[in-house]
1. So is V95 within 17 Å of the chain's Cα centre (by Cα) and more than 22 Å from R182 (Cα to Cα) or not?
2. Wholly within the stretch 1-78, which helices (runs of 4 or more DSSP H) include no fewer than the required count, namely at least 1 residues that are surrounded by fewer than 21 Cβ atoms within 10 Å (Cβ to Cβ) and aromatic (F, W, Y)?
3. Only one of (1) touching a residue at least 40 places away in the same chain (Cβ under 8 Å); (2) hydrophobic (A, V, I, L, M, F, W, C); (3) closer than 23 Å to E214 by Cα is not met by A138, so which one is it?
4. Free of Cβ contacts under 8 Å to residues at least 60 places away in the same chain and over 17 Å from the mean Cα position of the chain (by Cα): which single residue out of I70, I65, I61, I112 fits that description?
5. Residues F126, F113, F191: which one is farther than 18 Å from T7 by Cα, among the aromatic types (F, W, Y) and in contact with a strand residue (DSSP E or B) (Cβ under 8 Å, 6 or more places away or on another chain)?
6. Within the stretch 187-197, work out how many residues are modelled with pLDDT of 95 or more and part of a helix (DSSP H, G or I).
7. Could you say which residue among E209, E130, E124, E155 is within 22 Å of T15 (Cα to Cα) and acidic (D, E)?
8. Hey, among I174, I211, which residue is touching a residue at least 60 places away in the same chain (Cβ under 8 Å) and buried (at least 22 other Cβ atoms within 10 Å of the Cβ)?
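The values are calculated or read from the model by the stated rules, or taken from the named source; none is laboratory data. If you're wondering where the values come from, they're calculated on a predicted model, not measured in any experiment. Reconstructed Cβ throughout: ideal geometry from the backbone, glycine too, with neighbour counts over all protein chains shown.
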Amino acid sequence: MRLKKSTGLIVALDTFSKAKAIAVAKVVSDYADAFKIGYPLLLDNTLEIIADLKRVSKFPIIVDIKLADIPEIVGNIARRLVASGADGIIVQGFVGPDSIRAAVDSSKGIDIFVVAEMSNPGAELFLKKEAIKIAKLAKFLRTRGIIAPATRPDEIKKLRKIVGNDFFILSPGIGPQGGSIRQTVKAGADFVIIGRAILQAKNPAKAAENIVNEIKSIK
C-alpha cells in the first residue's frame, strides 16, 4: 500500500505501549494518511506490531528506524520489514548511494523515504550542509520522497526546488520541537508528521481533526 495524499497528516505512534498505539490508530483513522512507527514500538513489541496495526488501520505503516548501514545489512533489513508488512521505510541519506540503492532494490516496490535533514538543532552541524546533495541523490535513485525539518521551513523551500513537485516531502518537528503547521505546509511539505500533540492529547481524534482542518485552511 503506497502513500497517497489526502489529509496531509502522518501520525507518529512514538510510544512503547502497543495498547496505546492501537487505541490511537483506531480513533484517528479518519484523519491520517499514514502511521509512522519507530524504535519505541518495535523494541517493546517486535515486528508483529506492524501486522497488529494493519488489522485496525486501512493506511500505510511507515517504519522509521532511519536505516544507516552498509548495503548488505540495509538490504537484509529492508527485506525483513517488507515481509513483516511494512508499507514504507525511512533510511538515512548520509550513508550514500550504494546503501540507499540497496533499500530501494530490496523494498519490492514499497516506499523508501530518505532523511535529507533532521528536525533537531544538532542536525545543523552536519546534515544541513549536505541536505541538498542528499535530496538530489534521493530523487536520482527513484525513492518516494525525503524527510525535511518543520523546524527549518526555509530548508524545506530549498529542498522543494531541488526535488520538484512530483516528489514527497515529509516533515517532522511540529509542536514541542517548535515547528509550525502553517509555515511547514506553505514552505512546500506534502505531509506533516505529528506524534506527541496527538498521543498526549486528552482526545486524540479531536486533536487530529483540528490538525487536518488547519492543513486544509492553508492556501
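1. Working: within 17 Å of the chain's Cα centre (by Cα): no; more than 22 Å from R182 (Cα to Cα): yes.
Here the answer is no, as V95 does not meet what is asked.
2. Of the helices (runs of 4 or more DSSP H) lying wholly inside the stretch 1-78, those with at least 1 residues that are surrounded by fewer than 21 Cβ atoms within 10 Å (Cβ to Cβ) and aromatic (F, W, Y) span 39-45.
3. Result: A138 passes all but (3).
4. When all the criteria are applied, what remains is I70.
5. Answer to the check: F113.
6. 0
7. E209
8. On the way: I174 fails: touching a residue at least 60 places away in the same chain (Cβ under 8 Å).
Criteria check complete, one pass: I211.
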